[in-house]
1. What is the one condition in (1) within 20 Å of GLN76 (Cβ to Cβ); (2) open to solvent by 80 Å² or more (accessible area, probe 1.4 Å); (3) under 22 Å from the mean Cα position of the chain (by Cα); (4) modelled with pLDDT of 85 or more that THR153 does not satisfy?
2. I'm told VAL9 meets every condition in (1) more than 17 Å from the chain's Cα centre (by Cα); (2) at pLDDT 80 or above; (3) not in a loop (DSSP other than H, G, I, E, B) except one. Can you identify the failing condition by its number?
3. So in the stretch 109-125, with the set limited to residues that are open to solvent by less than 50 Å² (accessible area, probe 1.4 Å) and within 12 Å of GLU41 (Cβ to Cβ), which one is modelled with the lowest pLDDT?
4. Against the definition (out of contact with any Gly (no Cβ under 8 Å at 6 or more places or on another chain), at pLDDT below 95 and closer than 30 Å to GLU138 by Cβ), how does GLU75 come out, yes or no?
5. Name the single residue, out of those in the stretch 38-57 being open to solvent by 20 Å² or more (accessible area, probe 1.4 Å), among the small types (Gly, Ala, Ser) and in contact with a strand residue (DSSP E or B) (Cβ under 8 Å, 6 or more places away or on another chain), that is farthest from LEU152 (Cα to Cα).
6. Any chance the stretch 85-92 includes a residue that's within 24 Å of the chain's Cα centre (by Cα) and open to solvent by 50 Å² or more (accessible area, probe 1.4 Å)?
7. Limited to the stretch 58-80, what total is found for residues that are open to solvent by less than 60 Å² (accessible area, probe 1.4 Å) and in a helix (DSSP H, G or I)?
8. Name the pairs whose Cβ atoms lie under 8 Å apart, with the first residue in the stretch 79-96 and on the phi > 0 side of the Ramachandran plot, the second of a type outside the set (Gly, Ala, Ser) and open to solvent by 90 Å² or more (accessible area, probe 1.4 Å), and 6 or more positions between them or separate chains?
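The values are calculated or read from the model by the stated rules, or taken from the named source; none is laboratory data. Small disclaimer: the values here were computed from a predicted structure and weren't measured. Note that we place each Cβ from the backbone using ideal geometry, even for glycine, and neighbour counts take in every protein chain shown. Only protein heavy atoms, including side chains, enter the accessible area calculation; ligands, DNA and RNA are left aside. Shrake-Rupley method; radii C 1.70, N 1.55, O 1.52, S 1.80 Å.
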Amino acid sequence: MGIRTTNSVAGGLAIFAVAAALLAVPVWLFTGLFDGTGAHENAEADATRRATALGDQLARMRLSGVTEHARLAVEQPGVQVLRTEGVDRAVGGVSLLVRVTGEGWRSNWMTGDRRSGPPEATARRCFTLEFGKPGRPEGGAHPTACPDTSPLTFPAPTSATEARQNVQPTG
């Protein structure tokens with residue numbers, strides 16, 4: 001009984017193929033071929049996160065007029081105010097249409113966010129922030145279509161009293 005060369009060669013090739021397949025999966029995972037989230041998706045999520053944080057921040061402030069809301073909004077990095085509605089929070093409420101720029105990097109489940117160097121993608125998204133509107137959540141960021149318009153500018157506070165009134169938190 002000798003060694004059958006046909007079965008030995010086929011068996012050796014089968015073992016080699018299985019070993020190569022088992023080694024290929026970790027290599028693909030470590031090199032990022034199975035990326036979980038792309039840079040653009042992360043940039044969109046960052047823009048939404050920034051808009052939500054801005055709405056929450058403005059909702060906690062003791063502000064009344066639309067100008068005060070807009071002035072504080074444009075002070076945030078990556079935020080532009082495109083349109084305002086209303087006059088006072090106590091009289092019908094105010095709303096801001098803001099354009100927010102988000103930044104994103106690729107990420108996957110093994111390495112997490114790869115936040116090194118400049119952003120790999122940016123996303124500009126528009127949101128409506130509403131304050132004092134009956135039946136609406138205070139400061140909620142609602143996605144909105146971006147109009148083709150230039151951002152508004154707002155003057156700095158004219159007095160120290162006005163500046164203090166614009167930044168005192170309620171809680």
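1. It is condition (3) that THR153 fails.
2. Against the list (1) more than 17 Å from the chain's Cα centre (by Cα); (2) at pLDDT 80 or above; (3) not in a loop (DSSP other than H, G, I, E, B), VAL9 comes up short only on (2).
3. Ranking the candidates gives ALA121 first.
4. Yes, satisfied.
5. GLY38
6. There is no residue in the stretch 85-92 that is within 24 Å of the chain's Cα centre (by Cα) and open to solvent by 50 Å² or more (accessible area, probe 1.4 Å).
7. 11
8. That search, which allows pairs on different chains as well, returns GLY93/PRO134; GLY93/ARG136.
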